[in-house]
1. Being under 21 Å from Ile17 (Cα atoms) and either hydrophobic (A, V, I, L, M, F, W, C) or in contact with a helix residue (DSSP H, G or I) (Cβ under 8 Å, 6 or more places away or on another chain) (or both) is the filter here, so list the residues in segment 141-159 that pass it.
2. With the structure loaded, tell me whether Arg166 is more than 21 Å from Ile49 (Cβ to Cβ), open to solvent by 40 Å² or more (accessible area, probe 1.4 Å), assigned to a helix (DSSP H, G or I) and not aromatic (Phe, Trp, Tyr) or whether it fails that test.
3. If we keep just the residues of segment 131-162 that are of a type in the set (S, T, N, Q) and either under 30 Å from Ile119 (Cα atoms) or within 10 Å of the chain's Cα centre (by Cα) (or both), which is surrounded by the fewest Cβ atoms within 10 Å (Cβ to Cβ)?
4. Out of Ile180, Ile151, which single residue is modelled with pLDDT of 90 or more and either under 29 Å from Asp40 (Cβ atoms) or in contact with a strand residue (DSSP E or B) (Cβ under 9 Å, 6 or more places away or on another chain) (or both)?
5. If I filter segment 1-36 down to residues being part of a strand (DSSP E or B) and among the charged types (D, E, K, R), which single residue comes out as farthest from Met202 (Cα to Cα)?
6. Taking Val74 and the conditions (1) open to solvent by 30 Å² or more (accessible area, probe 1.4 Å); (2) under 23 Å from Leu138 (Cβ atoms); (3) touching a Phe, Trp or Tyr at 6+ places or on another chain (Cβ under 7 Å), which numbered condition does it fall short on, given that it satisfies the others?
7. Which fully enclosed helices (runs of 4 or more DSSP H) of segment 37-105 have 1 or more residues being under 20 Å from Ala8 (Cβ atoms)?
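The values are calculated or read from the model by the stated rules, or taken from the named source; none is laboratory data. Nothing here was measured: the structure is a model prediction, and the numbers come from that model. Glycine gets a Cβ as well: all are built from the backbone with ideal geometry, and neighbour counts include every protein chain shown. Areas reflect the complete protein model, heavy atoms only, side chains present, ligands, DNA and RNA absent. Shrake-Rupley method; radii C 1.70, N 1.55, O 1.52, S 1.80 Å.
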Amino acid sequence: MLLESAMAVNEQGQREIPGIAVQPSEAEVFWSEFLRSLADRGLKGVELIIADEHKGLKAAANRVLGATLQRCRVHFMRNALACVNKKDRDIMAAALRNAFDQDTQQASREQWRKLIDAIRPGHKKLAELMERAEEEVLAYKGFPKKHWRHIHSTNPLERLNKEIRRRTNVIGIFPNEIAITRLVGAMLLEKNDEWAVARRYMTLETQKPICEDQIMAPQILAAM
């Protein structure tokens, strides 16, 4: 069984935990059930879902929430560098970072495609990966620049999941799904309360262009 959790940023720029679920797999049908349960409880206006490469989640996100998927940049870099020889990894990592570091989405796309053309003769597998991943891995650059560091990867959720694992590893084996949900749910409620009184994760000024036409809703959702 897999424990799935989601972290969102609402129109006030505060982080929230919209929900958790225990699922038997990461197939599309189970992601659809999870996302639909969030929508049934009032989740609306989702603009972007940040996740690792999950084909099931991508399909479910589009169908249930009509949201764009941002493929985690950190995970993509690991997959990309695994496609090249060890001696070439440093220079390839620098080239990929250069594409990410451009000031606009269009500039990143242009640099991305130049890199694909340059490496195709010697690194065909990586070139093909970059072609497939371009839309998803650069999706975050269509949002305000001040948000980029928050939404290009699943790192914020990874930190939360690390704390969940630390707590659950103490227990070891749970008797049933209810026991898992009760423990993790209580922990996440505490985290939710902390975030409610903490400094805003994103400023109201940068939120306004995204949220001005949206009905109250966490609009940026990080899911695993």
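1. Hits for segment 141-159 are His147, Trp148, His150, Ile151, His152, Ser153, Thr154, Asn155, Pro156, Leu157.
2. Criteria met by Arg166.
3. Checked segment 131-162; the qualifying residue surrounded by the fewest Cβ atoms within 10 Å (Cβ to Cβ) is Asn155.
4. Ile151
5. Glu4
6. Single failed check for Val74: (3).
7. 55-60, 73-81
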